[in-house]
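**Q** The structure that follows is given in the form of structure tokens.
The values are calculated or read from the model by the stated rules, or taken from the named source; none is laboratory data. Note that the structure is a prediction, hence the values are computed from the model and not measured. In this analysis, Cβ positions are derived from the backbone assuming ideal geometry, glycine residues included, and neighbour counts consider all displayed protein chains.
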Amino acid sequence: MSEIGAGAHAASMEASPFGIQSKKLAIWLFIASDAMTFGALLFGYSYLRVGSLDWSYPFQFSPTILNAFAMTVILLTSSITMLLSVSAANEGDKGRCLRWMGFTILLGTLFAILHLREWFHMIGEGWRLFQNPLGGSPDFGAGFFGITGLHLLHVISGVIALCILAIRYSKGTLDKTYVETTGLYWHFVDLVWMFVFPIVYLMNAAK
């Protein structure tokens, strides 16, 4: 019954005119558009940072920087576990695929928890979207919460998508191609963090 449902779902998708699967084309188009969004935000943030005469540099080797290092390691590790999950799916090993996917979900959840803890810590110190407790430019708070908040939203969305994928893949209603396309999204989220971490955190270390 599940095979019939999967076949009907696949049949309902129009064939891609570009020689690749429609779902893979869709995720690449989404990634391209989302990359432009993050690129514009990071460029605008960098412009404000360079152009501001009273920009704040609140991070040193503080808990925030150490927390960001930990989040980076966690996210990079989750990219590896997602890669292993895709590899297992392509080999037809559903059990191993689901195990590695489960590790990816746990790591993504841990990343989100650490990120929210960091937010609460900074809010407790008086940081807001348009409030700077150090007395400098309020643009720092707007840029920090805006960029990291958008990325956190992507991580949480990815974790939810992986949970749904794990359930439906285990039941056979989704096939390995969905594992691959979801993996592409997850790797993109990890790649974006590799730009957010140095630009938003390391370049704002206290001088």
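**Q** Given the structure, is Ser85 hydroxyl-bearing (Ser, Thr, Tyr) and within 14 Å of the chain's Cα centre (by Cα)?
**A** Answer is no for this residue.
**Q** When you look at Pro198, is it within 26 Å of Trp28 (Cβ to Cβ) and either more than 12 Å from the chain's Cα centre (by Cα) or at pLDDT below 95 (or both), yes or no?
**A** Numbers: within 26 Å of Trp28 (Cβ to Cβ): yes; either more than 12 Å from the chain's Cα centre (by Cα) or at pLDDT below 95 (or both): yes.
The answer is yes for Pro198.
**Q** Identify, from the list Gly149, Gly141, the residue that is of a type in the set (Gly, Ala, Ser), assigned to a helix (DSSP H, G or I), closer than 20 Å to Leu202 by Cβ and touching a strand residue (DSSP E or B) at 6+ places or on another chain (Cβ under 7 Å).
**A** Numbers: Gly149 fails: touching a strand residue (DSSP E or B) at 6+ places or on another chain (Cβ under 7 Å).
When all the criteria are applied, what remains is Gly141.
**Q** Does Ser78 meet the test of being surrounded by fewer than 18 Cβ atoms within 10 Å (Cβ to Cβ) and in a helix (DSSP H, G or I)?
**A** Values: surrounded by fewer than 18 Cβ atoms within 10 Å (Cβ to Cβ): no; in a helix (DSSP H, G or I): yes.
Spelling it out, it is not the case that Ser78 is surrounded by fewer than 18 Cβ atoms within 10 Å (Cβ to Cβ) and in a helix (DSSP H, G or I).
**Q** Among the polar types (S, T, N, Q) and under 18 Å from Thr81 (Cα atoms), is that true of Thr177? Spell out the reasoning first.
**A** Values: among the polar types (S, T, N, Q): yes; under 18 Å from Thr81 (Cα atoms): yes.
In short, yes.
**Q** Residue by residue through the stretch 49-75, note down the ones that are surrounded by 15 or more Cβ atoms within 10 Å (Cβ to Cβ) and of a type outside the set (Gly, Ala, Ser).
**A** Arg49, Trp55, Pro58, Phe59, Thr64, Ile65, Asn67, Met71, Thr72, Ile74, Leu75
**Q** Within the stretch 62-70, does at least one residue satisfy the condition of being outside any helix (DSSP H, G or I) and either within 15 Å of the chain's Cα centre (by Cα) or among the polar types (S, T, N, Q) (or both)?
**A** First, pick out the residues of the stretch 62-70 that are outside any helix (DSSP H, G or I): 62.
Within this subset, residues satisfying the condition of being either within 15 Å of the chain's Cα centre (by Cα) or among the polar types (S, T, N, Q) (or both) are 62.
The answer is yes; a qualifying residue exists.
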